[in-house]
Amino acid sequence: MVSPVTVVKSEGPKLVPFFKATCVYFVLWLPSSSPSWVSALIKCLPIFCLWLFLLAHGFRFLLAHPSASLIFVGLVFSAVGDAFLIWQDHGYFEYGLLMFAVTHILYASAFGMRPLALRTGLVIAVLSVLCYALLYPGLSGAFTYLVGVYVALISFMGWRAMAGLRLVGAAWRWTELAAGSGALLFIISDLTIALNKFRFPVPYARALIMSTYYAAQMLIALSAVESREPVDDYRLSKSN
């Protein structure tokens, strides 16, 4: 296992562009009521930086670790989804929803099906049903089904991210902690979007949505650094 201190020292500098791009987004705070390609670029810029973060480990790293490759592709779909959501009030919300649905499928595939953790899955399933029940009165038309499918997919992704989480003992790995925390923040971000759009105005919704979203994507990208596959860790072998 790679220690958290080692992670901060080795990966922190590679994340500096991401933090700068995130600051640019919040400092500029371009109005969402006037969508443009500039606002789309500013919104997607932190995700582009996470592409570069993974690419900085080399194409050999991505090719050697399928989970890292899946997360990278998920980040690509996320950026496309972000761009669609810039124009969500112009009929592109469904396209953004589709892009992020694909993202969750890719992330869930990256996290894998071992261990199964059925009890964790059952708890998340109950919570997802409660969330959908909360949203249901505000849904109509195709959204009744689309949101239901999306809730199922993001809940499945969250289950797979949290299934391997161990906070104590020899089995503890920061990879699972990053993945589980990232998945939880992603769920909070998307639940805030849904509540704000379909149920009631959420105070400071945009700030809450984007801060949890960027943190979620960073943690999920960071979880790819230590391989989940049963092979020798690429970074360790590269440094030896």
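Not counting ligands, DNA or RNA, and with a 1.4 Å probe, what is Lys197's accessible surface area in Å² rounded to the nearest 10?
80
If I take every Cα pair under 8 Å that is 6 or more residues apart in the chain, average their sequence separation and divide by the length, what percent do I get for the relative contact order? Intermediate results must be reported in sequence, preceding the final value.
Details: 270 pairs, mean separation 46.4, N = 240.
Here the relative contact order equals 19 percent.
Given a 1.4 Å probe, how much area per residue of the chain is accessible, in Å²? Please list the in-between numbers first.
Working: 12210 Å² over 240 residues.
Spelled out: the 1.4 Å probe surface of the chain, per residue, equals 51 Å².
In segment 1-82, what percent of the accessible surface is made up of carbon and sulfur (1.4 Å probe, ligands and nucleic acids excluded)? Please report the intermediate quantities before stating the final value.
Numbers: 3300 of 4210 Å².
Heavy-atom surface of segment 1-82 belonging to carbon and sulfur, 1.4 Å probe: 78 percent.
Given a Förster distance of 22 angstrom, what is the FRET efficiency for Ala142 paired with Phe200, based on the Cβ-Cβ distance and rounded to 0.05? Please list the in-between numbers first.
Working: r = 21 Å, r/R0 = 0.97.
That pair, Ala142 with Phe200, gives E of 0.55.
Excluding ligands and nucleic acids, what accessible area in Å² is computed for Glu94 using a 1.4 Å probe, to the nearest 10?
In the full protein context, Glu94 sits at about 80 Å².
Mean separation of Cα pairs under 8 Å and 6+ residues apart, divided by the residue count of segment 2-73: what relative contact order is that in percent? Don't jump to the answer; show the numbers that get you there.
Values: 31 pairs, mean separation 23.1, N = 72.
Contact order relative to length: 32 percent.
Among the trypsin sites (Lys or Arg not before Pro) in segment 117-181, which ones are in a DSSP loop with at most 15 other Cβ atoms within 10 Å of the Cβ? Mind listing them?
Those satisfying the criteria are Arg166.
So what is the calculated 222 nm ellipticity per residue for the chain, using -39500 (n - 2.57) for each DSSP H run with n of 4 or more, over all residues, to the nearest 500 deg cm²/dmol? Write down the numbers at each step before the final one.
Details: 11 runs with 171 residues, N = 240.
Here the helix-only value at 222 nm equals -23500 deg cm²/dmol.
Taking square-rooted eigenvalues a ≥ b ≥ c of the alpha carbon gyration tensor, is segment 12-100 rounded, prolate or oblate, where a/c under 1.5 means rounded and, failing that, a/b exceeding b/c means prolate? Numbers along the way, then the final one.
Working: a/c = 3.88, a/b = 1.48, b/c = 2.62.
Oblate, since a/c reaches 1.5 and b/c is not below a/b.
When ranked by the protection proxy of mean other Cβ atoms within 10 Å per residue, highest first, what sequence do the peptides 72-85, 36-49 form? Walk me through the numbers before you get to the answer.
On the way: 72-85: 21.1, 36-49: 17.6.
Most protected by this proxy first, the peptides run 72-85, 36-49.
Taking a ≥ b ≥ c as the square roots of the Cα gyration tensor eigenvalues, with a/c under 1.5 meaning rounded and otherwise prolate when a/b beats b/c, else oblate, which class fits segment 66-162? Intermediate values should be presented prior to the final figure.
Details: a/c = 3.40, a/b = 1.15, b/c = 2.95.
It comes out oblate by the Cα gyration axes.
Please work out the FRET efficiency for the pair Ile105 and Ser34, using the Cβ-Cβ distance as r and a Förster radius of 35 Å; give the result to the nearest 0.05. All intermediate terms of the calculation are to be shown ahead of the outcome.
Values: r = 33 Å, r/R0 = 0.93.
FRET efficiency, Ile105 to Ser34: 0.60.
Which of the helices in the chain meet the span-like rule: DSSP H, Cα axial reach of 15 Å or more, Kyte-Doolittle mean at least -0.5?
Details: long enough: 16-28 (18 Å, 1.66); 37-55 (25 Å, 2.12); 66-86 (30 Å, 1.83); 93-111 (27 Å, 1.29); 118-135 (25 Å, 2.13); 143-163 (29 Å, 1.39); 174-194 (30 Å, 1.29); 205-223 (27 Å, 1.07).
The answer, listed by residue number, is 16-28, 37-55, 66-86, 93-111, 118-135, 143-163, 174-194, 205-223.
Over the chain, how many percent of alpha carbon pairs lie in each 10 Å bin up to the one with the longest distance?
Per 10 Å bin, starting at zero, the Cα-Cα P(r) for the chain comes out as 7, 32, 36, 20, 5, 0 percent.
The values are calculated or read from the model by the stated rules, or taken from the named source; none is laboratory data. In this text the structure is predicted, and so the values were computed from the model without any measurement. Please note: Cβ atoms are built from the backbone with ideal geometry, for glycine as well, and neighbour counts cover all protein chains shown. Please note that ligands, DNA and RNA were not included when accessible areas were found on the heavy atoms of the full protein model with its side chains. Shrake-Rupley method; radii C 1.70, N 1.55, O 1.52, S 1.80 Å.
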